[in-house]
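Taken together, the values in this text are just the output of simple stated rules run on the coordinates, not laboratory data. Everything numeric in this text was worked out from a predicted model, so none of it was measured. Don't worry about glycine lacking a Cβ; one is built from the backbone with ideal geometry, like all the others, and counts go over all protein chains shown.
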């Protein structure tokens, strides 16, 4: 936003300044693999104008701010598959790009018991500013990455990478990895099978369900009839470089096979 905006008599400060990081990171745009990788919760960054949302810095080391290890896995997987990737540039606490604008969790006032002072009582214009400056450019970049592949003549697939906490409140989450999907089984079913064959404890729509938490893959994949899926990795297994390399290698090995299966690169409605 180049000029200040007015909301209810108050002026909204410029959201993204010259010293802030990019709104998204586009990797390997000319990659040859017919799949786009996305990482909705890759970053813990907050625009300087928002003053850390009023939170102590330590909160941005936690899962409430970003998906630990997801960015590293996505970057390595993009290189190993020779695939384009799009990573969100700001924390889910500023705006969650995997929720539709206006959703109660889009700009959360609290997360896992922690209040977010910078999000409380946020006016409509301030919310729209975050949508226009952060949410829309990220999703536009995914649209373009998919379109670039599709213009080559083959419908691409969409693969989203997240991580989850090994426990949540009183809930124990024993899975090594979860595979989340909505109605399209083309990637999910063979992925569950192949990961299980490696001796991994695989959650089928666990610890979350793709029937409920799948905005990005529904918007860019399901709505266009493209094969799509989300993978959720136990964050304890991707908290360091060794774990990130291990999981990038696991996913590269299985995805190379899956991307060659019949029907993956067809437009289908489910």
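Some observations on this one:
- Crossing angle, helix 241-258 versus the chain [Cα axis fit, 0-90 degrees, rounded to tens]: 50
- Value of Rg/Rh across the stretch 12-68 [Cα atoms, Kirkwood radius]: 1.06
- Size of the stretch 108-175 from its Cα atoms: along the principal axes, largest to smallest, the extents are 47, 42, 10 Å.
- Where only alpha carbons of the stretch 29-258 are counted, the Rg and the Dmax (Å): 17.1, 50
- Antiparallel beta bridges, as assigned by DSSP with both residues in the chain, represent about 45 percent of the total such bridges.
- Most fluctuating residue given options 248, 157, 223, as computed from a GNM of the chain linking Cα atoms under 10 Å: 223
- Contact order normalised by residue count of the stretch 29-258, Cα under 8 Å, 6+ apart, percent: 25
- Computed over the chain with a Gaussian network model linking Cα atoms closer than 10 Å, the most mobile of 164, 60, 24 is 60.
- Highest average first, the peptides 211-221, 89-99 ordered by how many other beta carbon atoms sit within 10 Å of their residues are 89-99, 211-221.
- Relative to the longest principal axis of the Cα atoms of the chain, helix 70-81 runs at roughly 40 degrees.
- For the chain, calculated [θ]222 nm from helices alone, where every DSSP H run of n ≥ 4 adds -39500 (n - 2.57): -7500 deg cm²/dmol
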